[in-house]
1. Hey, could you check region 54-70 for residues that are at pLDDT 90 or above and within 30 Å of the chain's Cα centre (by Cα) and say which is farthest from His114 (Cα to Cα)?
2. Which of the numbered conditions does Pro36 fail, given that it passes all the others? Conditions: (1) buried (at least 16 other Cβ atoms within 10 Å of the Cβ); (2) touching a Ser or Thr at 6+ places or on another chain (Cβ under 7 Å); (3) not aromatic (Phe, Trp, Tyr).
3. Run Glu125 past the list (1) open to solvent by less than 30 Å² (accessible area, probe 1.4 Å); (2) at pLDDT below 85; (3) out of contact with any Asp or Glu (no Cβ under 9 Å at 6 or more places or on another chain) and report the number of the one that doesn't hold.
4. Which condition number in (1) under 30 Å from Thr19 (Cα atoms); (2) modelled with pLDDT of 90 or more is the one that Val147 fails?
5. Return the total of residues in region 98-143 being among the hydroxyl-bearing types (Ser, Thr, Tyr) and over 20 Å from the mean Cα position of the chain (by Cα).
6. Out of all the residues in region 51-69, which are without any contact (Cβ under 8 Å) to a residue 60 or more places away in the chain, part of a strand (DSSP E or B) and either open to solvent by less than 70 Å² (accessible area, probe 1.4 Å) or hydrophobic (A, V, I, L, M, F, W, C) (or both)?
7. Would you mind telling me which numbered condition in (1) of a type outside the set (A, V, I, L, M, F, W, C); (2) touching a residue at least 40 places away in the same chain (Cβ under 8 Å); (3) in a helix (DSSP H, G or I) Gln137 fails?
8. Answer yes if at least one residue in region 91-108 is of a type outside the set (Lys, Arg), in a helix (DSSP H, G or I) and surrounded by 14 or more Cβ atoms within 10 Å (Cβ to Cβ), and no otherwise.
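The values are calculated or read from the model by the stated rules, or taken from the named source; none is laboratory data. Just so it is clear, the structure is predicted and the values come from calculations on it, not from any experiment. Reconstructed Cβ throughout: ideal geometry from the backbone, glycine too, with neighbour counts over all protein chains shown. For the accessible areas, the whole protein counts, side chains as well, though only heavy atoms, and no ligand, DNA or RNA atoms are used. Shrake-Rupley method; radii C 1.70, N 1.55, O 1.52, S 1.80 Å.
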Amino acid sequence: MQAKRAVETLAAYLPAHATVVRDGHVQQVEAVTLVPGDVLVIEEGDCISADARLIEGGIEVGLSPLTGEAMPAYRAADRVGVRVPLLSARDLVFSGTTCTEGEAWAVVFATGVHTQLGRIAALSERVERGISPLEAQVRRVAWLIAVIAVVMGVAFLPLSCLRRNCRSATRSSSPSACWSATCPRDCCR
């Protein structure tokens, strides 16, 4: 359930539509129809729908869905990141992030599960939830209490039966009935 919720939360970061250049015209398309090689037009306020490399312009991008950074990062076509981690490359933008300032064009290189956000979602789905240490301790204590309760019940059941037999014998007309074989000697005194 947690993995499913995580994937649904990550999906909420993705926009339904994207602005692209196809056949020489700028047009709105559904984000799910994006393919590598499409040219995205990114403007202030847009949510980026695929991983892409900037080819023109510069923008500030909020990377908080991927890195947790609160401050936007500047990305530009002329700032090529060589031999740096993918999320640190200054010419790349990623799906699920938001353009906070500027305008740029970018070529899509990854969509769907092949994006950084898609990889996070895939990792979230594969994680199997184990028992936490607290849950293990609570389970052990619950079993211990159950075992003690059963042992105590088994131990006191014969005593309560004997006591009940003894009391019923003392209520009868003859007090000497208490001294029957079913009653211990000291119980009726």
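1. Going through region 54-70, the residues at pLDDT 90 or above turn out to be 54-62.
Within this subset, residues satisfying the condition of being within 30 Å of the chain's Cα centre (by Cα) are 60-62.
Details: Glu60: 23, Val61: 20, Gly62: 20 Å.
The selected residue is Glu60.
2. (1)
3. (1)
4. If we test Val147 against (1) under 30 Å from Thr19 (Cα atoms); (2) modelled with pLDDT of 90 or more, just (1) comes out false.
5. Here is the first cut: in region 98-143, the residues among the hydroxyl-bearing types (Ser, Thr, Tyr) are 98, 100, 111, 115, 124, 132.
Next cut, over 20 Å from the mean Cα position of the chain (by Cα) only: 98, 100, 111.
Count: 3.
6. Start the filter on region 51-69 by keeping residues that are without any contact (Cβ under 8 Å) to a residue 60 or more places away in the chain, which leaves 52-69.
Narrowing the set further to residues that are part of a strand (DSSP E or B) leaves 52-62.
Passing the criteria: Ala52, Leu54, Ile55, Gly57, Gly58, Ile59, Glu60, Val61, Gly62.
7. Result: Gln137 fails condition (2) only.
8. Of all residues in region 91-108, those of a type outside the set (Lys, Arg) come to 91-108.
From the residues that got through so far, the ones that are in a helix (DSSP H, G or I) too are none.
Within region 91-108 (the criterion being of a type outside the set (Lys, Arg), in a helix (DSSP H, G or I) and surrounded by 14 or more Cβ atoms within 10 Å (Cβ to Cβ)), the answer is no, since none of the residues qualifies.
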